[in-house]
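Below is one structure, written out as structure tokens; the observations come after it.
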Amino acid sequence: GLVGDPAAAIGFPAPEQPGPPEAPAAPADADLLARRASVLADVQEHYYARPPRIERGWREHLIDTDGRVYLDMVNNVASVGHAHPRIAEAAGRQLRLLNTNSRFHYAAITEYAERLAATLPDELDTVFLVNSGSEAADLALRLAMAATGRTDIVAMREAYHGWTFASDAVSTSVADNPHALATRPSWVHTVAAANGYRGAHRGVEAARYAPEAVAHLRALAAGGAQIAGFICESWFGNAGGIALPDGYLAEVYAAVRELGGLAIADEVQVGFGRLGDWFWGFEQQGVVPDIVAVAKSIGAGHPLGAVVTTRAIAERYRTQGYFFSSTGGSPVSSVVGTTVLDIIADEALQENARVVGAHLKGRLEALGAQHPLVGTVHGAGLYLGLEFVRDRATLEPATTETAAICDRLLELGVIMQPTGDHQNVLKIKPPLCLTTASADFFVDMLDRVLTTGW
Ligand code: PLP
């Protein structure tokens, strides 16, 4: 049976309180899946053998059409928790006033841009508002190219930056398929992933990664590349949040700038208080990028992304290009963004990510000491990654086991899914309001699955 708490125990609002309207009687699973197949162009496999039919959310929980409660451990879009009443109220109020494209001087938009810029270093004072992380990464690349008058971009291998044409072009995987290789534009170059656990850097001293990347950049430049920018996440995200070696970004950014390019940080996934100790990932490295792309958490599920850069770079872009997004940074998106920043401060969610994240990581490491399938635990705060391996010496990825474990966790009331290039990683990115009790519930269920089998 299901082990999740009943809705009342998680403080789910009683029916008379604000919340989504009652849903109509749910169709049978088979009907729903058939309808889904006929209207949604979702080419990915379903994550689960039997995907749950989710109806509503509350804090770090999701509730299905039968009233079952699940703990959502993999949703870093819902940064402040699902169905936060303050967001519903702010968005509703703004919808009753105005929601249109950002052609006007509109106080809510300016206020949000100021508030977002205030979370970043002073020199990053110019904000472009868009709808998603892919758009933000795309625009970041475009800005670098326009500001330098160059086109070559260097990215870290095995990263994900989005699905739009340019952001996808700089997203490479371990095993690039022939189609990806054939369609990759010639302006994309890569350096090795800063992952010391597996891949090209296994067994290589961490202090060597940056000099190797720098040597590669210099070789590219010597070979004629006109480097416009270097883009990477400030924590290596694809394998579940691996910290870059100390000094990595300082060394690589210095080399990129010396070669005439700009430093671009993709903070779509890692930034925004999730690390607990640092609001933005690059802060841990003590650097200031030239261009920062943000999204996901900043809108708490509402479509909102941004690129923040220096005035000089934005001006150079304006002389050559044109920026207009019909719905990017709409008044509703902007008030949502401002409210998310307020909630993070008022509910001390960054501090919560630090405290609950440290507790969770400690418990996961203890779990690893008991279960050999746990290869390693990466990350910090509420940005953790757990790799399952069949053999700690060969690191053979436990891919089928990871899928089965996630299916079993779902039965036990925990939402988790396999990720990473080998689909053997649990990326642990719950809403930032995760309680210690919920963190313990997750580890207890994982322990149960690893102990009793999957
Ligand atoms: N950049 C990073 C690091 C991401 O993790 C993602 C999404 O997973 C994106 C960009 C793309 O964001 P979106 O899905 O909002 O387009």
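In terms of the mean number of neighbouring beta-carbon atoms within 10 Å, the peptides 243-255, 224-236 order highest first as 224-236, 243-255. Each residue of segment 253-263 is assigned a 3J(HN,Hα), and the resulting list reads 4, 4, 5, 4, 5, 4, 7, x, x, 10, 9 Hz, derived from the Karplus form 6.51 cos²θ - 1.76 cosθ + 1.60 (θ = phi - 60°), x at Gly and Pro.
Taking every DSSP beta bridge that has both ends in the chain, the antiparallel portion is near 65%.
Here the average projected area of the convex hull drawn through the C-alpha atoms of segment 183-332 stands at 11.0 nm². Segment 123-158 and segment 385-400 have Cα centres separated by 35 Å. Computed over segment 258-347, the P(r) tail beyond 16 angstrom holds 62 percent of alpha carbon pairs. Each of LEU434, LEU367 was scored by other Cβ atoms within 10 Å of its Cβ. Arranged with the fewest first, they read LEU367, LEU434. Sorted into 20 angstrom bins from 0, the C-alpha pair distances of the chain split as 24, 57, 18, 0 percent. Residues ASP29, ASP138, ranked from the fewest to the most other C-beta atoms within 10 Å, line up as ASP29, ASP138.
For the peptides 374-384, 161-171, what is the packing order when you average, over each peptide's residues, the other Cβ atoms within 10 Å and list the highest mean first?
374-384, 161-171
Think of each Lys and Arg Cβ as +1 and each Asp and Glu Cβ as -1; about the Cα centre, that makes the dipole of the chain roughly 640 debye. Put in line by how crowded their Cβ is, counting other Cβ atoms within 10 Å and starting with the fewest, SER38, SER438 read SER38, SER438.
Listed values for segment 331-346 are Karplus-derived 3J(HN,Hα) couplings in whole Hz (6.51 cos²θ - 1.76 cosθ + 1.60, θ = phi - 60°), namely x, 5, 4, 5, 5, 4, x, 5, 5, 4, 4, 4, 5, 4, 6, 5, and x replaces Gly and Pro. Highest mean packing first, where packing is the average number of other Cβ atoms within 10 Å per residue, the peptides 193-206, 60-73, 418-431 line up as 418-431, 60-73, 193-206. The HN-Hα couplings worked out from phi for segment 403-418 by the Karplus form 6.51 cos²θ - 1.76 cosθ + 1.60 (θ = phi - 60°) are 4, 5, 5, 5, 4, 5, 4, 4, 4, 8, x, 10, 8, 8, 9, x Hz, whole numbers, x standing for Gly and Pro.
Here, each number is a calculation from the coordinates, and none is a lab measurement. Since we're looking at a predicted model, the values are computed, not measured. With ideal geometry, Cβ positions are generated from the backbone for all residues, glycine too; neighbour counts draw on all protein chains shown.
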